[in-house]
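Accompanying notes for the structure given below.
The values are calculated or read from the model by the stated rules, or taken from the named source; none is laboratory data. Since the model is a prediction, treat every value here as computed from it, not as a measurement. Cβ coordinates were reconstructed from backbone atoms using ideal geometry, including for glycine residues, and neighbour counts include every protein chain displayed. Accessible surface areas use protein heavy atoms only, side chains included; no ligands, DNA or RNA. Shrake-Rupley method; radii C 1.70, N 1.55, O 1.52, S 1.80 Å.
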Amino acid sequence: MKKVLIAALCAALVICVAAYLRDDGYSQTEYMLNTVITITADDKAAVAECFDEIRRIENLLSVYLPDSEIWAINSAPAGTPVKVSQETFDLLKKADEYKRLTGGAFDITIKPLVDLWDVAGEGYVPTDAEISAALELVGDIILDEENLTVTLPKEGMAIDLGGIAKGYAGDKVRQILLANGVDSAIADLGGNIVTIGRNGNKDWCIGLQNPNAQRGTTFADISIEDKFVVTSGGYERYFEKDGQTYHHIFDPATGRNPHGDTLSVTIVADDGALADALSTACFVVNSEQAIALAESKGAQAVVYTAQGVFHTDDLSIHMEDK
Ligand code: AMP
Ligand code: MG
């Protein structure tokens, strides 16, 4: 099996060059949360504080680090309540709310399928029986608010915050920059863009990656001020087998890539974790449902499909000529 591309090193969004290369901004790039993160702001100490915070979040929430709280939850025997911090509990509760809000399209218990398809590794096309068995493990986790415990009821169940953690970290980055008095900044957490204020006297200009073209080729740009912009796309991480492409986002109802024709979804919102969960969920559902879902949470959406580009009305978007 030929692994064509693991684009973990690349952001899903392309920030317009003019906006990104501010000559007055300090910019730092680090590899964290399994992706490349760049923060640009006028305050070097505040940027360093942001990276310390992202590292802390990674240590808390990573599925790969044996000391993380998510690791503890995933490795406990079935039915054993695992005590977690208030912070982890609150994020899991939020993820659970987003599961209900999206009719199950966003579901952090997707991990058995993520492991089965192994898109981040060699890539594997499972049998129907293997998919059915993994789907048995996608379900509800038990959250005990009083005791701050999390229980996975079935042996083999596991959670994966890959669809929300970067957005959550984006919320923290924004809080830290604002607390330090930064009034204009931009951060890119692997396709999760955080903006503060405006870019000088202009809005921030965010270019949206064309899913069918080389990385860095955009199909549109959007103008925003003080918002999160989060994109989910099948082109971000995928492998090819027998001429067929398989990517990293799964429909929790089928255990397979969504069967619709959506190629990418961009969400614009005031909350990073919400934007991140919505972008993943909106990629799973069809374009009509995606627009309705975004609108139901006061967010904006751009859905790139094989049939064309759809977006919520209230968005300042400039489509590029084909
Ligand atoms: P994103 O790039 O934010 O759309 O997140 C994709 C990542 O979230 C994947 O790499 C998986 O780790 C995880 N994931 C895949 N499908 C889902 C889903 N339906 N709900 C929640 N997380 C998912
Ligand atoms: Mg997401």
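Scan the stretch 271-290 for residues that are more than 15 Å from the chain's Cα centre (by Cα) and free of Cβ contacts under 8 Å to residues at least 60 places away in the same chain and the total you get is 5. Could you say whether any residue in the stretch 277-290 is more than 14 Å from ligand 2 (Cβ to nearest atom), out of contact with any Pro (no Cβ under 6 Å at 6 or more places or on another chain), under 29 Å from residue 184 (Cβ atoms) and outside any strand (DSSP E or B)? The answer is no; no qualifying residue exists.
Sub-8 Å Cβ pairs linking a first residue in the stretch 11-39 that is acidic (Asp, Glu) to a second residue that is modelled with pLDDT of 95 or more and not in a loop (DSSP other than H, G, I, E, B), at least 6 apart or interchain, are 30/36; 30/37; 30/51; 30/54, ordered by first then second residue. Note on the stretch 156-200: residues that are within 22 Å of the chain's Cα centre (by Cα), closer than 23 Å to residue 68 by Cα and either of a type in the set (Val, Ile, Thr) or outside any helix (DSSP H, G or I) (or both) total 13.
Residue selection: residue 120 satisfies the criterion of being open to solvent by 60 Å² or more (accessible area, probe 1.4 Å), in contact (Cβ under 8 Å) with a residue 12 or more places away in the chain, within 15 Å of ligand 1 (Cβ to nearest atom) and not acidic (Asp, Glu).
Table: residues versus (1) in contact with a Leu (Cβ under 9 Å, 6 or more places away or on another chain); (2) among the hydroxyl-bearing types (Ser, Thr, Tyr); (3) within 13 Å of ligand 1 (Cβ to nearest atom).
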| position | (1), (2), (3) |
| --- | --- |
| 40 | yes, yes, no |
| 54 | yes, no, no |
| 73 | yes, no, no |
| 84 | yes, no, no |
| 96 | yes, no, yes |
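Of the residues making up the stretch 307-320, not a single one is modelled with pLDDT under 95 and under 20 Å from residue 102 (Cα atoms).
Let's see how each residue does on (1) assigned to a loop (DSSP other than H, G, I, E, B); (2) within 25 Å of residue 245 (Cβ to Cβ); (3) without any contact (Cβ under 8 Å) to a residue 12 or more places away in the chain:
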| residue | (1), (2), (3) |
| --- | --- |
| 129 | no, yes, yes |
| 147 | yes, no, no |
| 154 | yes, no, no |
| 208 | no, yes, no |
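Residues in the stretch 135-180 that are within 30 Å of residue 195 (Cα to Cα) and more than 14 Å from ligand 2 (Cβ to nearest atom): 159, 172, 173, 174, 175, 176, 177, 178, 179, 180. Does residue 213 satisfy the criteria of being part of a loop (DSSP other than H, G, I, E, B) and hydrophobic (A, V, I, L, M, F, W, C)? In short, yes.
Residues of the stretch 232-285 that are closer than 19 Å to residue 316 by Cα and open to solvent by 10 Å² or more (accessible area, probe 1.4 Å): 270, 271. Considering the stretch 145-165, the residues that are within 16 Å of ligand 1 (Cβ to nearest atom) and small (Gly, Ala, Ser) include one that is nearest to residue 83 (Cα to Cα), namely 158.
Residues in the stretch 227-264 that are near ligand 1 (Cβ under 8 Å from one of its atoms), hydrophobic (A, V, I, L, M, F, W, C) and in a strand (DSSP E or B): 230 only. Selection within the stretch 291-315: residues that are open to solvent by 70 Å² or more (accessible area, probe 1.4 Å), part of a loop (DSSP other than H, G, I, E, B) and free of Cβ contacts under 8 Å to residues at least 24 places away in the same chain. The member of this set that is farthest from residue 229 (Cα to Cα) is 313.
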